[in-house]
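A.B. asks: One structure coming up, written as structure tokens, with questions to follow.
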Amino acid sequence: MPRPVTLAEHTLKIRSDNMNIVLASGSPRRRELLEMIGIKDFKIIADISDEPIIADITPEEQVAMLALKKARNVSKKCDKEDLVIAADTLVYIGKTPLEKPTSKENAADMLRMLSGKKHTVYTAVVVSRNKNSETAVEKTDVYFREVSEDEVIKYVETGEPMDKAGGYAAQGRAAMFIERIDGDFFTVMGFPICRLVQMLKKFGV
């Protein structure tokens, strides 16, 4: 039986191939998820461009388009042998998209919309290297309990909602609002980890 390859040996192989792994996101959650699956040696080049939601395409198409654009934008700043990982997350309640809050009042309004209801989180991930890319989209249904007005105000005051799609962090204080999740929790957090690992294998990681 072959001896398992250690993380150190794996890192050396990446370097010998002149390939850097680049995360096209400034999200601390996505950085933590890459480190959690054993990818320690990677660069961060965040793509901060914003794109409006297009009304006549599906959420899956929308989030995939945004993630692919991030991958392409960051790839232009990298060597051609570098492997770029990009992602985008959108939250929909019914057909209404909830992006990152633009103010505390906007964050509070989002939480009131989510209170006592089901919403869906869509995360697209793109792995790209040397003009080759693969895109995957996962969706997860999240059910909130009834959230009181006092809880809404106090949660918004923590500042946690302000850089999160949908105005909350499932891995943070908002965990107290979630009754159940149908799907992959890590899709809500930032990456569909199981799917991402399978994609990375195809690119030799």
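The values are calculated or read from the model by the stated rules, or taken from the named source; none is laboratory data. Treat the numbers as computed from the prediction; the structure is a model and nothing was measured. Ideal geometry is used to build each Cβ from the backbone, glycine not excepted, and the neighbour counts take in all protein chains shown.
A.B. asks: Which of the following residues is charged (D, E, K, R), surrounded by 13 or more Cβ atoms within 10 Å (Cβ to Cβ) and over 30 Å from Asp82 (Cβ atoms): Lys139, Lys104, Lys154?
C.D. replies: Step by step, each of Lys139, Lys104, Lys154 is checked, and only Lys104 is charged (D, E, K, R), surrounded by 13 or more Cβ atoms within 10 Å (Cβ to Cβ) and over 30 Å from Asp82 (Cβ atoms).
A.B. asks: How do the strands (runs of 3 or more DSSP E) wholly within segment 101-186 filter down when requiring 2 or more residues that are of a type in the set (Ser, Thr, Tyr) and under 19 Å from the mean Cα position of the chain (by Cα): which remain?
C.D. replies: 118-129, 132-144
A.B. asks: Looking only at residues that are without any contact (Cβ under 8 Å) to a residue 60 or more places away in the chain and of a type in the set (Asp, Glu) in segment 49-97, which one is surrounded by the fewest Cβ atoms within 10 Å (Cβ to Cβ)?
C.D. replies: Per the criteria, the residue is Asp56.
A.B. asks: Which one is nearest to Ser75 (Cα to Cα), of the residues in segment 134-186 that are of a type in the set (S, T, N, Q) and modelled with pLDDT of 95 or more?
C.D. replies: Ranking the candidates gives Thr135 first.
A.B. asks: Shifting gears a bit: Within segment 26-47, restricting attention to residues that are part of a loop (DSSP other than H, G, I, E, B) and within 14 Å of the chain's Cα centre (by Cα), which residue is surrounded by the fewest Cβ atoms within 10 Å (Cβ to Cβ)?
C.D. replies: Only one residue fits best here, namely Gly26.
A.B. asks: Considering segment 187-200 alone, what residues qualify as being among the hydrophobic types (A, V, I, L, M, F, W, C) and part of a helix (DSSP H, G or I)?
C.D. replies: Of everything in segment 187-200, those that are among the hydrophobic types (A, V, I, L, M, F, W, C) and part of a helix (DSSP H, G or I) turn out to be Val188, Met189, Ile193, Cys194, Leu196, Val197, Met199, Leu200.
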